[in-house]
Amino acid sequence: MKSESNTVLITGGGSGIGFETAKLFVEKGNKVIIAGRNLEKLEAAAEQLGNVSIIQCDITSESDVNNLVVRITTEYPDLNILINNSGAAFGYSLAEGANAHASALKEMEINYLAPVRLTEKLLPILKNQAESAIINITSVVAIVPWAVMPTYSASKAALQSYTRLLRLSLRTSNIQVFEVLPPLVDTAFSKNIPVDKMDPKDVAAAILDGVILDKHEIRIGFSEMFYGLNQQSPEKALNALNGIS
């Protein structure tokens, strides 16, 4: 797929992977819209990025999403790339009685249900273009669940299943469907987790390369290794990621 002259919407574009991806797409001469809940964060990001537009939107709010879709329809009818990047994660152990249900509700809402709703509402616009793409950010934990983030792992696995079936459903259309599977990335919500993390700039670069090469499953860093290990033995992959010998 071409990397220039696109109109790109990135949820969670005010920081982390979203911000760095927006930066690369702007540098390539694309029209970029970043969306997020925090207007102050969006404005600060836009000041750094330069030529971007912002839309304040809580993607878990149906009314906010409806307003976003109206704005896209009227102001950016040439939208042809949607990047579902917004996410939330909670770290805890299922053995600790850490109110997993409440965490799971929030994670499933923002990591899975919100991208499903937004994608469905924007499909008519994406189908109107000569070439379009939907890019969903999942995680290595969609392949192999991680006990440190148990219900986050489940929400990303749900998004992965949806992404694969969306790709299958749209296989004869003008829309390509990409899945990005990074390892843990050095962003605000992972700052208190004491493990090695990938720079979001490297994830953004891999996303852009994957789009250019039409690589529909973009496994980054050690995600590729765990994908291969899981193909050999899901049990070995699970134990390896969770430090069980």
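Overview of results
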quantity	calculated
Residues of the stretch 212-245 that turn out to be aliphatic (A, V, I, L, M) and in contact with a strand residue (DSSP E or B) (Cβ under 7 Å, 6 or more places away or on another chain), as a count	2
Any hit, the stretch 152-171, residues being hydrophobic (A, V, I, L, M, F, W, C) and in contact with a Gly (Cβ under 6 Å, 6 or more places away or on another chain)	no
Test for ALA104: is it out of contact with any strand residue (DSSP E or B) (no Cβ under 9 Å at 6 or more places or on another chain) and either touching a residue at least 24 places away in the same chain (Cβ under 8 Å) or of a type outside the set (Ser, Thr, Tyr) (or both)	yes
Residue in the stretch 27-43 that is part of a loop (DSSP other than H, G, I, E, B) and of a type in the set (A, V, I, L, M) present	no
Every pair of residues 6+ apart whose Cβ atoms lie under 9 Å, when the first sits in the stretch 8-32 and is at pLDDT 95 or above while the second is part of a helix (DSSP H, G or I) and among the aromatic types (Phe, Trp, Tyr)	VAL8/PHE25; ILE10/PHE19; ILE10/PHE25; GLY12/PHE19; GLY13/PHE19; LYS31/PHE25; VAL32/PHE25
Residue match in the stretch 116-131 (condition: under 20 Å from ILE207 (Cβ atoms) and not in a helix (DSSP H, G or I))	yes
Search result, residues across the stretch 72-84 that are among the aliphatic types (A, V, I, L, M), more than 14 Å from GLY18 (Cα to Cα) and not in a loop (DSSP other than H, G, I, E, B)	ILE72
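Listed here are the residues, each with its yes/no results for (1) in a loop (DSSP other than H, G, I, E, B); (2) within 25 Å of ALA142 (Cβ to Cβ); (3) acidic (Asp, Glu).
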{"site": "ALA22", "(1), (2), (3)": "no, yes, no"}
{"site": "ALA45", "(1), (2), (3)": "no, no, no"}
{"site": "SER53", "(1), (2), (3)": "no, no, no"}
{"site": "ASP58", "(1), (2), (3)": "yes, yes, yes"}
{"site": "SER63", "(1), (2), (3)": "no, no, no"}
{"site": "ASN66", "(1), (2), (3)": "no, no, no"}
{"site": "VAL70", "(1), (2), (3)": "no, no, no"}
{"site": "SER86", "(1), (2), (3)": "yes, yes, no"}
{"site": "ALA89", "(1), (2), (3)": "yes, yes, no"}
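The values are calculated or read from the model by the stated rules, or taken from the named source; none is laboratory data. This structure is a prediction, so every number in the text was calculated from the model and none was measured. No Cβ is skipped: glycine too gets one built from the backbone with ideal geometry, and neighbour counts run over all protein chains shown.
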